[in-house]
Amino acid sequence: MNAPAKTDEFASAVPAGVFAEKVLSVTHYTDRLFRFTMTRPQGFRFRSGEFAMIGLMVEGKPLYRAYSIASPAWADELEFFSIKVPDGPLTSHLQNIKPGDEVLMRKKPTGTLVLDALTPGRRLYMFSTGTGVAPFASLIRDPETYEKFEEVILTHTTRDVAELKYGFDLVEEIRNDEILSEVVGDKLRHYATVTREEFPFKGRITDLIENGKLFSDLGVPPLDPAIDRGMICGSSAMLKDTKGLLEKAGLNEGANNKPAEFVIERAFVG
């Protein structure tokens, strides 16, 4: 099966208590990455930065994975940014969706990469690798982020330059949006690095934090728990290493029920 079942057959198979939403657009960035939008269910509420369980009917059964919602809480459509895993139980099918197809979504979003889980600060770092940029795609387009922070720094690290394009597209879309561009102004800074190809900024974000190059490139002081806040989303190794560096700098990990200086998302796509 290479695509979700259609219309009547699909509708009859949709499990109870689950949304079935229509795909509106699909953009393939590389042979490993794609972005898609779908309709937003009426009454579906979420906080920017949260994830939802989305899925397809595969061999007659619903199969779900956690996906960060890449669109902001105010948007009329839902957006997602996904990796393509050739033999991935879900992504091997999801990568073949087309406009008009339907995608399942469970009704309750959740997640820790939300503004409520951070204590007040001045500068917000969003550290991401690969598709880990998705929750930050939501947050950098949410006016509340800029009400709470004077400076927002999005770091995005990928293996190859082509994999950075989604992040660059997001920043360009903000600049070209009449309302968002006014809200964001010059508060958003985008720091993109690659690990395998030549590029103005090279290296793993953990190395660039540790050797201080991140801060010298941006012209900002090292991490300071009094003013800096962090959000981390990426591979499990990157989460562990970045968390360690933030803790070494004196920042403490927070959660929805106990806000602190940084938060981590541990939900993965497969």
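The values are calculated or read from the model by the stated rules, or taken from the named source; none is laboratory data. Being a predicted model, the structure only gives us computed values, none of them experimental. Here the Cβ positions follow ideal geometry from the backbone for every residue, glycine too, while neighbour counts run over all protein chains shown. The area values use the complete protein model at the heavy-atom level, side chains included, leaving out ligands, DNA and RNA. Shrake-Rupley method; radii C 1.70, N 1.55, O 1.52, S 1.80 Å.
Looking at segment 201-217, I want the residues that are of a type in the set (S, T, N, Q) and have a partner that is assigned to a helix (DSSP H, G or I) with Cβ atoms under 8 Å, at least 6 apart or on another chain. Which pairs are those? As it stands, the answer is 206/238; 206/241; 206/242; 206/245, since those pairs meet every condition given.
From the list 155, 119, which one is in contact with a Pro (Cβ under 8 Å, 6 or more places away or on another chain) and closer than 21 Å to residue 244 by Cβ? Before you say what the answer is, go through the steps one by one.
Values: 155 fails: in contact with a Pro (Cβ under 8 Å, 6 or more places away or on another chain).
Answer to the selection: 119.
Within segment 166-187, the set of residues being in a helix (DSSP H, G or I) and more than 14 Å from the chain's Cα centre (by Cα) comprises 172, 173, 174, 175, 176, 178, 179, 180, 181, 182, 183, 184.
Considering (1) touching a strand residue (DSSP E or B) at 6+ places or on another chain (Cβ under 6 Å); (2) closer than 16 Å to residue 127 by Cα; (3) at pLDDT 95 or above; (4) not small (Gly, Ala, Ser), the lone condition that residue 259 does not fulfil carries the number (2).
Quick check, is residue 72 under 16 Å from residue 38 (Cβ atoms) and in contact with a helix residue (DSSP H, G or I) (Cβ under 7 Å, 6 or more places away or on another chain)? Let's see the steps before the verdict.
Working: under 16 Å from residue 38 (Cβ atoms): yes; in contact with a helix residue (DSSP H, G or I) (Cβ under 7 Å, 6 or more places away or on another chain): yes.
Against the criterion (under 16 Å from residue 38 (Cβ atoms) and in contact with a helix residue (DSSP H, G or I) (Cβ under 7 Å, 6 or more places away or on another chain)), residue 72 qualifies.
Pick from 178, 102, 144, 172: which is open to solvent by 20 Å² or more (accessible area, probe 1.4 Å), among the charged types (D, E, K, R), under 23 Å from residue 75 (Cα atoms) and touching a Phe, Trp or Tyr at 6+ places or on another chain (Cβ under 6 Å)?
Numbers: 178 fails: touching a Phe, Trp or Tyr at 6+ places or on another chain (Cβ under 6 Å); 144 fails: touching a Phe, Trp or Tyr at 6+ places or on another chain (Cβ under 6 Å); 172 fails: touching a Phe, Trp or Tyr at 6+ places or on another chain (Cβ under 6 Å).
The match here is 102.
The numbered conditions (1) at pLDDT 95 or above; (2) surrounded by 12 or more Cβ atoms within 10 Å (Cβ to Cβ) are all true for residue 45 except (2). Tell me, please, whether a residue that is open to solvent by 10 Å² or more (accessible area, probe 1.4 Å), within 23 Å of residue 47 (Cβ to Cβ) and under 17 Å from the mean Cα position of the chain (by Cα) can be found in segment 190-197. So far as segment 190-197 goes, yes, one or more of its residues are open to solvent by 10 Å² or more (accessible area, probe 1.4 Å), within 23 Å of residue 47 (Cβ to Cβ) and under 17 Å from the mean Cα position of the chain (by Cα).
All conditions in (1) more than 29 Å from residue 230 (Cα to Cα); (2) out of contact with any Ser or Thr (no Cβ under 7 Å at 6 or more places or on another chain) hold for residue 105, with the sole exception of (1).
Residue-by-condition table, conditions (1) assigned to a loop (DSSP other than H, G, I, E, B); (2) within 14 Å of residue 155 (Cα to Cα):
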residue: 206; (1), (2): no, yes
residue: 224; (1), (2): yes, no
residue: 230; (1), (2): no, yes
residue: 237; (1), (2): no, no
residue: 243; (1), (2): no, no
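In segment 75-141, counting only strands (runs of 3 or more DSSP E) that sit wholly within it, the ones holding 1 or more residues that are over 17 Å from the mean Cα position of the chain (by Cα) span 102-106, 123-129. Taking each residue of segment 18-33 that is in contact (Cβ under 8 Å) with a residue 40 or more places away in the chain and hydroxyl-bearing (Ser, Thr, Tyr) and looking for partners that are open to solvent by less than 40 Å² (accessible area, probe 1.4 Å) and assigned to a strand (DSSP E or B) with beta-carbon atoms closer than 6 Å, six or more apart or interchain, yields 25/37.
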